[in-house]
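Written out below as structure tokens is the structure these notes cover.
None of the figures in this text is laboratory data; all of them are computed from the coordinates on show. Since the structure is predicted, the reported quantities are computational estimates derived from the model, not experimental observations. Don't worry about glycine lacking a Cβ; one is built from the backbone with ideal geometry, like all the others, and counts go over all protein chains shown.
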Amino acid sequence: MQAILHRGANYGVILLLSILSTTHFMTSLTYLAGYPVQLIEQIEHLLVSRKLSAVLLKKYPHPHDYRSDEALYRFTLALKKANLRQSPPISKIIYDDKIDVIYHALGLHTQISRVQGNKLKAKNEIRIGSVFKQAPIEFLTMIVVHELAHLREKQHNKAFYNLCAHMEPAYHQYELDLRVYLTHLEHIGPLYSSQRHSQQLES
């Protein structure tokens, strides 16, 4: 009887830990705040069942190749040339390891004013979080499009998001998938670790 009670107590502890673990996921998916509850529950299920990596890798099997500042510069200017020819020039485009995605800053568009002679000139800079050096090309595109849109629209208003969707029609889908990707980074780790990536390619 004591042995049965002991096993029952252990089961209760395991069950409680399982419930607490699931509750932790429900309350800590910060990147998905504001999305429908049903969608968040689906992501929670994939996390708990350890299937999120496979789902993401199936849809986004490879990271992009634009991993240097020079490559990022060329990539961004190509998008700008294709969509925003009349917008102000950009003086600097770099990856920045000081951008913390925990605070929802995926990239930054800044306008810096400098005195040149008797004139005050503004220069535009775009900085992308270094964490996105290892990310699908779709996510890099979404982030760069977002920062480029700020050349014309400073606020996150309807005109801003319409411009984002004009430059990248799948902008909103990529934004959602990017937030799921960030959730993976936070709770599981890098998606493109050598072991995880090779296992998915073999399956």
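The table that follows gives values for the structure above.
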read-out: Long-range neighbours under 9 Å by Cβ, at least six apart or interchain, first residue of a type in the set (Gly, Ala, Ser) within region 76-95, second crowded, with 18+ Cβ neighbours inside 10 Å; value: 82/167; 87/80; 87/124; 87/148; 87/151; 91/124
read-out: Residues of region 28-45 satisfying the condition of being surrounded by fewer than 12 Cβ atoms within 10 Å (Cβ to Cβ), in a helix (DSSP H, G or I) and among the aliphatic types (A, V, I, L, M); value: 37
